[in-house]
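Encoded as structure tokens, the structure appears first; notes follow it.
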Amino acid sequence: MESVAKAPLQTVHGQPSWRLAGSSVETFVTEQGGHLGPTTFRLGERNIRPYAVAPWTEEASAAYLLPMLRVLRGDFFCLPFGGNAAPFDGEEHPPHGETANSVWAFDDLQRDEDAVSLHLHLDTAARKGRVRKDITLIDGHTAIYQRHSVTGMTGPMSFGHHAMLKFPEAEGSGLIATSPFVFGQTSPVPVESPEQGGYSILEPGATFDDLNAVPTTTGGFTDLSRYPSRRGYEDLVLLASDPACPLAWTAVTFPEEGFVWFTLKDPSVLRQTILWISNGGRHYPPWNGRHVNVLGLEEVTSYFHFGLAESAAANSLSKQGIPTTTSLVGGPFHVACINAVARVPAMFDHVAEIHAHEGEDAVTLTSRSGALVRVPLRHSFLAP
């Protein structure tokens, strides 16, 4: 195994970043906030760059933003997850936590026979502890393997990943699907208010059991399984993953582009999926109506997007037996997830199932149309 004592930083979209590259994936990780992106997946002769980067990252005005907003791109780890407007037990956390805002420290960059791994750490102040970030690329796998390990912290904690995809302009160009969920609900309160220059269209607090039919404020229903849609609105929904699933997933098929993006998780660790639907509904800085065709696919344990205080308190999810925090006991506590892309054949539409092959580094994705694609993937990475 080859270890690099110090990897150089490169400025990418306005942020000093570490480069991590394998045979099939190249990605960057920002020093500030540990945001992953931009990322390039190599599918044969094609380069796929599915993640969003905020349009203001290289503007002079970005210097005055909260670090998380200034950097905003790709995927990042939140601890605690959410806005965190209210303190919890004397702890004052920034939106999405120090892990999404503070400066990470480099540990090493390691290369072995078939993989390369970046190792970083962050010592937290709001609740003292350490978070280790390990990101691995495996040769021949169009996938990113992420693990965050928390030590030294005790008490309830919300957390999650905040992946964001940038969709093509054509309406409905991406087909969204998830593994079975036991409960679906729109944000209990409006995500935006016209008085502040923001607009939402989904009915607050509405429950649903199918992404195809979600209530709107106009009295009708909308289909959240196809995006982009509903230009001019900012919305959010939560899906409580079925804890009985051995492997939970979220996937987006791009039929015209010929690929699928998907994420895999252990639903006993990351218990919900939040869809943050950002399509030009914010007209205040820095958004200014230009953050469009972006979908957050956020794998979390949290009470919606509110923060630790609301997640640790009794809430509508926890009262149903759906945990919105995990009780840390000093650690280590591990949070793992895998993001990947794959080529898909013609007629491959919404993902219906992702099957992990036991004893093999492979999964098979089946679409609703019955089309199949087998993907090299080390799904055992998610095992405790």
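The values are calculated or read from the model by the stated rules, or taken from the named source; none is laboratory data. Since the model is a prediction, treat every value here as computed from it, not as a measurement. Note: ideal-geometry Cβ built from the backbone for every residue, glycine included; neighbour counts use all protein chains shown.
Are any of the residues in segment 299-321 within 20 Å of the chain's Cα centre (by Cα) and without any contact (Cβ under 8 Å) to a residue 60 or more places away in the chain?
No, because not a single residue in segment 299-321 is within 20 Å of the chain's Cα centre (by Cα) and without any contact (Cβ under 8 Å) to a residue 60 or more places away in the chain.
Which residue is surrounded by the fewest Cβ atoms within 10 Å (Cβ to Cβ), if the candidates are limited to segment 334-384 and must be of a type in the set (A, V, I, L, M) and within 30 Å of ARG127 (Cα to Cα)? So that I can check it myself, show each step before the final result.
Start the filter on segment 334-384 by keeping residues that are of a type in the set (A, V, I, L, M), which leaves 335-336, 338, 340-342, 344, 346-347, 351-352, 354, 356, 362-363, 365, 371-373, 375, 377, 382-383.
Within this subset, residues satisfying the condition of being within 30 Å of ARG127 (Cα to Cα) are 335-336, 338, 382-383.
Details: VAL335: 23, ALA336: 20, ILE338: 23, LEU382: 21, ALA383: 7.
Restricting to residues being of a type in the set (A, V, I, L, M) and within 30 Å of ARG127 (Cα to Cα), the top hit is ALA383.
In segment 22-58, what residues are farther than 24 Å from HIS119 by Cα, of a type outside the set (Phe, Trp, Tyr) and touching a helix residue (DSSP H, G or I) at 6+ places or on another chain (Cβ under 9 Å)?
ALA54, THR57 - these are the residues of segment 22-58 that are farther than 24 Å from HIS119 by Cα, of a type outside the set (Phe, Trp, Tyr) and touching a helix residue (DSSP H, G or I) at 6+ places or on another chain (Cβ under 9 Å).
Say whether the condition of being free of Cβ contacts under 8 Å to residues at least 60 places away in the same chain and of a type in the set (S, T, N, Q) is met by at least one residue in segment 223-232.
yes
In segment 170-204, what residues are assigned to a loop (DSSP other than H, G, I, E, B) and among the hydroxyl-bearing types (Ser, Thr, Tyr)?
SER173, SER179, SER187, SER193, TYR199, SER200
In the list ASP89, ASP75, which residue meets the criterion of being under 26 Å from ARG147 (Cβ atoms) and touching a residue at least 24 places away in the same chain (Cβ under 8 Å)?
Of the residues listed, the single one that is under 26 Å from ARG147 (Cβ atoms) and touching a residue at least 24 places away in the same chain (Cβ under 8 Å) is ASP75.
Being farther than 21 Å from SER302 by Cβ, among the polar types (S, T, N, Q) and in contact with a strand residue (DSSP E or B) (Cβ under 6 Å, 6 or more places away or on another chain) narrows it down to one residue among THR217, THR222, THR154; which is it? Explain how you work it out, then say what you get.
On the way: THR217 fails: in contact with a strand residue (DSSP E or B) (Cβ under 6 Å, 6 or more places away or on another chain); THR154 fails: farther than 21 Å from SER302 by Cβ.
Result of the check over THR217, THR222, THR154: THR222.
Test of understanding: among GLY331, GLY307, which residue is of a type outside the set (Lys, Arg), buried (at least 16 other Cβ atoms within 10 Å of the Cβ) and at pLDDT below 95?
Numbers: GLY307 fails: at pLDDT below 95.
Result: GLY331 is the single residue among GLY331, GLY307 that is of a type outside the set (Lys, Arg), buried (at least 16 other Cβ atoms within 10 Å of the Cβ) and at pLDDT below 95.
Within segment 214-247, can you find the residues that are farther than 21 Å from GLY281 by Cβ and either aliphatic (A, V, I, L, M) or not in a loop (DSSP other than H, G, I, E, B) (or both)?
ALA240, SER241, ALA244, LEU247
Just one of THR57, THR99, THR39 is in contact (Cβ under 8 Å) with a residue 40 or more places away in the chain, surrounded by 18 or more Cβ atoms within 10 Å (Cβ to Cβ), closer than 30 Å to ASP361 by Cα and of a type in the set (Ser, Thr, Tyr); which is it? Give the steps one after another, and end with the answer.
Details: THR57 fails: closer than 30 Å to ASP361 by Cα; THR99 fails: closer than 30 Å to ASP361 by Cα.
Exactly one of THR57, THR99, THR39 is in contact (Cβ under 8 Å) with a residue 40 or more places away in the chain, surrounded by 18 or more Cβ atoms within 10 Å (Cβ to Cβ), closer than 30 Å to ASP361 by Cα and of a type in the set (Ser, Thr, Tyr), namely THR39.
Any idea which of SER193, SER149, SER158 is within 23 Å of VAL294 (Cβ to Cβ), at pLDDT 95 or above and surrounded by fewer than 22 Cβ atoms within 10 Å (Cβ to Cβ)?
None of the other options fit; the residue is SER193.
Sort through ALA115, ALA177, ALA163 and tell me the only one that's within 26 Å of VAL214 (Cα to Cα), modelled with pLDDT of 95 or more and surrounded by fewer than 23 Cβ atoms within 10 Å (Cβ to Cβ).
ALA177
Going by the conditions given, is ALA105 over 22 Å from SER3 (Cα atoms), free of Cβ contacts under 8 Å to residues at least 60 places away in the same chain, of a type in the set (Gly, Ala, Ser) and loosely packed, with under 14 Cβ neighbours inside 10 Å?
no
Looking only at segment 358-371, which residues are in contact with a strand residue (DSSP E or B) (Cβ under 7 Å, 6 or more places away or on another chain) and in contact (Cβ under 8 Å) with a residue 12 or more places away in the chain?
ASP361, ALA362, VAL363, LEU365, THR366, SER367, ARG368
Filter segment 291-316 for residues that are part of a loop (DSSP other than H, G, I, E, B) and in contact with a strand residue (DSSP E or B) (Cβ under 7 Å, 6 or more places away or on another chain); which is farthest from TYR227 (Cα to Cα)?
For segment 291-316, the residue satisfying everything is SER302.
Just need a number here: residues in segment 108-129 that are closer than 19 Å to PRO332 by Cα, in contact with a strand residue (DSSP E or B) (Cβ under 7 Å, 6 or more places away or on another chain) and either without any contact (Cβ under 8 Å) to a residue 60 or more places away in the chain or assigned to a loop (DSSP other than H, G, I, E, B) (or both).
Residues flagged as closer than 19 Å to PRO332 by Cα, in contact with a strand residue (DSSP E or B) (Cβ under 7 Å, 6 or more places away or on another chain) and either without any contact (Cβ under 8 Å) to a residue 60 or more places away in the chain or assigned to a loop (DSSP other than H, G, I, E, B) (or both) within segment 108-129 amount to 6.
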